[in-house]
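Rule-based calculations on the coordinates, nothing more; no lab input. Quantities reported herein were computed from a predicted structural model and do not represent experimental measurements. Reconstructed Cβ throughout: ideal geometry from the backbone, glycine too, with neighbour counts over all protein chains shown.
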Amino acid sequence: MRLIIQPDYEHLSLWAAHYVANRINQARPSTSHPFVLGLPTGSSPLGVYRHLVNFYHRGTLSFRHVVTFNMDEYAGIPEDHPQSYHTFMWTNFFHHIDIPPAQVHILNGNAPSLEQECANYENLIRAMGGIDLFLGGIGPDGHIAFNEPGSSLASRTRIKTLTSDTILANSRFFDNDTSKVPTTALTVGVATILDAHEVLILANGLSKARALQQAIEGSISQMWTITALQLHPKGIIVADEEACSDLKVSTYRYFKDIEKVNL
Ligand code: GLP
């Protein structure tokens, strides 16, 4: 696994945005061979989305031949709810780029059969030839997408009950009222993420320090689902200095040294 350490959130976001843009451009996507991009919500990717929108405006990046699959969506809140992940993605990203709406995929948390919705999502990803690059964040408890502690590392897209920790963390988007936060969500599984050709995870701020320490130095465990990234042949975490606060000095120095050409 690569760990790219950047001084702060701004540098981390720019590094990740360049990485995503380079991958799309290098693939020379077309109608018959689109680039398949997995995407997260949350505060972590906002900087990356801002930069990708800028690249599009500058004419150095197009999403015309990009197909996207979002990681997760709350169950049971309307699609147009201000805090739905549909609203988040269109407001912060899709409305500002040239992606054809039919190429955007976000799980439907109001589908008549949520099980069927999850199964269809897996089939659709497979039919597209898999995900080329999955961009993600991590929760303070080390969850990836909504794969809460205790999620099987072999899990696929399914319905998950959110932990009290996650409900509390996400209540900041729901007037700080935990009773307004949905208690279940649809999420891609850990194995769905590991199937991607490449996985790029963003970790910024002190609140992610413990999760990052587990991800890099911990053993692979269902209690910190991000640790499954250790099994991926092309896993990258890009972190800021604050998120590295719980790493051993030797670990920190090792990754700084080995990645210094990329800083
Ligand atoms: C939610 C999302 C995750 C995201 C996490 C961290 O729980 N389901 O995909 O990584 O929040 O959010 P933030 O980036 O706001 O810290």
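Label-to-label distance, GLU217 versus THR184, with points set 7 angstrom from Cα along the beta-carbon direction: 3.9 nm. For region 2-262, the residue among TRP90, ILE216, CYS118 whose Cα projects farthest onto the positive side of the dipole built from Cβ charges is ILE216.
Semi-axes of the equivalent ellipsoid of region 51-195 are 25, 19, 15 Å, computed as sqrt(5λ) over the eigenvalues of the C-alpha gyration tensor in descending order. Ordering of 131-140, 241-250 by packing is 131-140, 241-250, highest average first (other Cβ atoms within 10 Å, averaged per residue). Please give the Cα centre distance for region 217-263 versus region 101-128, rounded to the nearest Å. Distance between centres, Cα-based: 31 Å. What's the Kirkwood radius of region 2-262 in Å, using all Cα pairs? Final number for the Kirkwood radius of region 2-262 is 18.5 Å. Computed from the alpha carbon atoms alone, the convex hull of region 219-263 holds 97 Å³ per residue. Database remark: amide H of ASN110 closer than 5 angstrom to the amide H of GLY76 (H placed geometrically; neighbours at sequence offset of 5 or more, or on other chains; Pro and chain starts carry no H). Over all distinct Cα-Cα pairs of region 1-98, the Kirkwood formula returns a hydrodynamic radius of 14.5 Å.
Placing +1 on the Cβ of every Lys and Arg and -1 on the Cβ of every Asp and Glu, with no other charges, gives region 2-262 a dipole of roughly 640 debye about its Cα centre.
Here the dipole of region 174-263 is about 200 debye; that uses its Cα centre as origin and unit charges on the Cβ of Lys and Arg (positive) and Asp and Glu (negative). Mean-square fluctuations from a GNM of the chain, with a 10 angstrom spring cutoff on Cα atoms, peak among GLY129, GLY235, GLY47 at GLY129. Here is the size of region 143-263 from its Cα atoms: Rg then Dmax, 15.4, 47 Å. Please report how far the C-alpha centroid of region 42-85 lies from that of region 144-201, rounded to the nearest whole angstrom. First find each Cα centre; the distance between them is then 17 Å.
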